[in-house]
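Following: one structure in structure tokens, then a few remarks.
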Amino acid sequence: MLNRTWCTLALCAALAGCAVAPAPPAAGLPWHDQRFAYEPALVEVDLDTLFALDAQTLAVLREAAATRSQPARTARLLELVFGPDLKTFDYAGGHSTPAATTWRKRRGDCLSLSILTVALARGLEVPAQLQEVRVPPLFDRRGTVDFLNQHVNVLVPNERDLRAGGRLLPAGAIVVDFEPQPGARAKGRPLADREVLARFLNNRAAEHLAAGDERRAYAHFRAAITADPGFAPAQGNLAQLYLRAGLQADAEVLLRRALAHDDSSDFALASLQQLLLAQGRVAEARGFEAALEARRERDPYYWLGLGLRRLQDDRPAQAATALERAQALTSGFAEVHQYLAIAYWRDGRLHEARDQLARLDALGGGGGKLALLQRKLGIEAAAPR
């Protein structure tokens with residue numbers, strides 16, 4: 001659900017305060033508690049408060065759980081989350097909130113709404129899994145900070161899945177997604193609660209950084225890494241804060257650590273390459289530049305994202321070229337065929353647009369969605385070849 005409903009991870013480039021002692025920080029990382037005047041109480045949300053709901057709401061949910069069947073409880077969850085008019089909650093970007101706050105204010109960003117959905121599902125005894133789904137990268141600039149959207153949604157198994165021993169079957173599951181994006185219907189990576197907390201705290205840190213509050217940004221990045229030491233984006237983001245503070249050597253340590261945890265992170269790779277260039281270490285930087293270029297060449301999400309940007313810029317021929325690259329690197333990716341049909345149509349290549357509609361139909365993208373796209377483009381799908 002994240003963005004336009006977003007879940008953002010700040011890539012800086014380019015709930016009551018805890019009185020208990022904080023968990024020990026991740027070992028081997030360069031911390032600068034004194035430099036940033038760190039205090040544990042600056043971080044107000046922890047695992048106990050992230051998914052917590054007020055007692056009255058919980059009582060209502062538990063009563064429903066005790067008196068309804070599992071399908072009825074799932075239906076009630078969807079009713080609570082979306083409402084009859086699909087407008088139960090307003091989207092409010094730029095600020096992540098824990099479940100109780102999101103419920104009370106009736107608005108939230110994508111991560112906030114996903115966390116609330118899981119909290120409501122737990123109260124109703126509906127199995128639900130918050131998952132991270134890979135989508136094309138999308139950046140949003142706020143002041144001097146760039147936010148990179150990473151998409152999350154909630155997967156709810158149906159009754160048949162439960163009888164199969166909890167095995168999630170994509171064809172039978174319900175995906176609760178507050179703003180579907182290309183690729184978001186694919187099965188994602190399940191997130192444990194501590195991993196969700198790390199993403200939440202990373203978001204909060206990014207908000208503070210965009211507002212110029214480096215002290216709170218540091219405290220939240222530190223807490224995010226402590227919650228999930230393998231969460232590479234928080235390490236990469238803390239590196240950006242260190243660069244602002246002139247701590248280049250420690251920023252490099254963090255970026256290399258981020259890459260060790262997630263060697264697919266283009267952000268960490270590009271940031272390290274830029275850091276090396278700024279230090280005049282051209283030969284080292286060249287190797288990272290080559291790795292980044294090679295990775296993008298074989299990444300269908302990169303080409304899909306580029307194609308979407310070219311469509312937005314009204315450059316359909318270039319959009320088609322990028323989307324063709326995505327098509328060559330994927331199989332069964334309906335969104336690629338959908339946007340390629342639009343690119344071809346805008347470029348006057350109606351025969352090729354018709355062929356893409358036929359491929360979309362063959363993948364099960366028919367019905368109302370396909371009919372709507374056909375009406376929009378004013379063409380019918382080609383006969384199967």
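Return the total of residues in the range 290-336 being touching a Phe, Trp or Tyr at 6+ places or on another chain (Cβ under 8 Å) and part of a loop (DSSP other than H, G, I, E, B). So the count comes out to 1. For R354, the criteria (1) under 17 Å from L373 (Cβ atoms); (2) charged (D, E, K, R); (3) modelled with pLDDT of 90 or more hold in every case but one, which is (3). Looking at the range 176-289, the helices (runs of 4 or more DSSP H) lying wholly inside it that each contain 1 or more residues that are assigned by TED's automatic domain parsing to the domain that holds T97 sit at 193-210.
Against the condition surrounded by fewer than 16 Cβ atoms within 10 Å (Cβ to Cβ) and modelled with pLDDT of 90 or more, how does D213 come out, does it pass? Give the steps one after another, and end with the answer.
On the way: surrounded by fewer than 16 Cβ atoms within 10 Å (Cβ to Cβ): yes; modelled with pLDDT of 90 or more: yes.
Taking the combined requirement at face value, the residue satisfies it.
Considering each residue of the range 337-359, count those that are out of contact with any Phe, Trp or Tyr (no Cβ under 9 Å at 6 or more places or on another chain) and assigned to a helix (DSSP H, G or I), and give that number. Result for the range 337-359: 13.
One line per residue, one yes/no per condition, for (1) touching a helix residue (DSSP H, G or I) at 6+ places or on another chain (Cβ under 8 Å); (2) closer than 30 Å to R222 by Cα; (3) of a type in the set (D, E); (4) crowded, with 18+ Cβ neighbours inside 10 Å:
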residue: Q312; (1), (2), (3), (4): no, no, no, no
residue: L323; (1), (2), (3), (4): yes, no, no, yes
residue: F333; (1), (2), (3), (4): yes, no, no, yes
residue: D347; (1), (2), (3), (4): yes, no, yes, no
residue: L350; (1), (2), (3), (4): yes, no, no, no
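Only one of the listed residues (E352, E335) is in contact with a Gly (Cβ under 8 Å, 6 or more places away or on another chain), assigned by TED's automatic domain parsing to the domain that holds L373 and among the acidic types (D, E). That residue is E335. Sub-7 Å Cβ pairs linking a first residue in the range 267-293 that is closer than 18 Å to P233 by Cβ to a second residue that is of a type in the set (D, E) and at pLDDT below 85, at least 6 apart or interchain, are Q273/E289; L292/D266, ordered by first then second residue.
The values are calculated or read from the model by the stated rules, or taken from the named source; none is laboratory data. The shown structure was predicted, so the numbers you read here are calculated from the model rather than taken from an experiment. Because the Cβ atoms are built from the backbone with ideal geometry, glycine has one as well, and the counts that use them run over all protein chains shown.
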